[in-house]
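One structure is given below, encoded as structure tokens.
What follows draws every value from the coordinates through simple rules; no lab data is involved. Bear in mind that the values here come from a model prediction, so they are computed numbers and not experimental data. Cβ coordinates were reconstructed from backbone atoms using ideal geometry, including for glycine residues, and neighbour counts include every protein chain displayed.
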Amino acid sequence: MISTEIQTLDLNAPVTTVTLLEDRAQVQRIAKVTLTAGLWRVHVAKVAPILSDKSLRAEFSDRISGARVNDVRVRRRMLIKESDRSGLLEELMLEWRSQFDQYNVLTEDRQQLEDQFQQIGIILEKALQELPIDAAWGQVDPMAWRSQLQPLFQKMREARSEILNTYHAQAKLKSAIERLVSRIQAEARPDQIFTAHLEADLAIAETGEYELAFDYVVPNAFWRPYHQAQLQMGDKQTGENSQLTFRTDGCVWQNTGEDWLNVDLVFSTARASLGTEPPLLTDDWLNIREKAKKIAVEMRDQTVTANTDQTRHKRS
């Protein structure tokens, strides 16, 4: 008689075989363990948190009667990783305050320069309005006008140049402040770590050694062929012919959250998303039709001039 008390066990079930498809991978874990008769709940730690729940399956490899898997599931948990980064945050905040104060100073300088530029423009406008009046009274002195207006134009050019320099300095400082704010937010946010483990309920009728296999499908894993061709030139003196060698390697990429160490890799070109049923075959009839032959006859008039004689000929 099987005991109703549930016993727990942390099971070591490493990844043994990985079947890589073009857009996913099927992972198999196998564990050998000695279990006594009764109900067991076993846990397999450090599995991929992104595994597909509906693909998860667990079974006994040796098919022993009286031993069965009642249920298998995946448990996920989010952990908050604490770290002492108060010193770094204080340095970043001090740098942010310094750059922000510098940005405000540039804003004030730019406002003063714009006011100065506007005042010079008003003075120049009034000076130009007085020129026609002086000319009407006969006071025409180009040298005096030049000595009065030239310094105003020079001040306007200098003010405009300083405004543009301040604008570019503000834009550059603004980009630096935005990057610094993003870094502060990233450093202030706690690190989140997602973990997952398998949990299986077993019913064991007799004490013995059992082999339990877990299978599931994970995304973020694929493989692609990598082809290489190498030409080895022959030697005419020795009569050795040239040889062309082809080599194909399998390139694997995975970001599933679990390690695949010392596993058997199987590369497959199967596409599970397309289904397992072969397509239905239908008859495809080919018809041949003779191309029609057409003979076209055209008439045109052409004028031919020879020396002074002009003759009209009709050709077909």
If VAL266, VAL18 are placed from fewest to most neighbouring beta carbons inside 10 Å, the sequence is VAL266, VAL18
Neighbour-count ranking for THR8, THR256 (other C-beta within 10 angstrom, fewest to most) reads THR8, THR256
For percent of Cα pairs over 29 Å apart, with candidates (1) 37; (2) 33; (3) 74, the value calculated from the shown model is option (3)
Calculated from DSSP helices alone, with each H run of at least 4 adding -39500 (n - 2.57) and the total divided by the residues of the chain, [θ]222 nm to the nearest 500 comes to -11500 deg cm²/dmol
Computed over the chain, the relative contact order (Cα-Cα under 8 Å, seq sep at least six) in percent reads 34
Pseudo-spin-label distance ASP23 to LEU94, built 7 Å along Cα→Cβ, given in nm, is 5.3
Expected max-MSF residue from GLY38, GLY208, GLY87 in the GNM of the chain (alpha carbon, under 10 Å) is GLY87
Most exposed to least, judged by fewest other Cβ atoms within 10 Å, ARG183, ARG300 sort to ARG300, ARG183
Here the residues of region 141-176 lying in the modelled label zone of LEU131, meaning backbone nitrogen under 17 Å from a point 7 Å along Cα-to-Cβ, are 141-157
Label model pair TRP253, THR8: point-to-point distance (7 angstrom along the Cα→beta-carbon line) in nm is 4.0
Sorted on mean Cβ neighbours within 10 Å (highest first), peptides 218-225, 115-122 come out as 218-225, 115-122
A correct Karplus calculation of ³J(HN,Hα) over region 112-125, with 6.51 cos²θ - 1.76 cosθ + 1.60, θ = phi - 60°, whole Hz and x for Gly and Pro, returns 5, 5, 5, 5, 5, 4, 5, 5, 4, x, 5, 4, 5, 5
Descending packing, highest mean Cβ count within 10 Å first, for 283-294, 171-182, 25-36 is 25-36, 171-182, 283-294
In nm, the gap between the two label points placed 7 Å beyond Cα toward Cβ at SER52 and MET156 is 7.3
Restricting to Cα pairs under 8 Å and 6 or more apart, the percent relative contact order of region 86-188 works out to 56
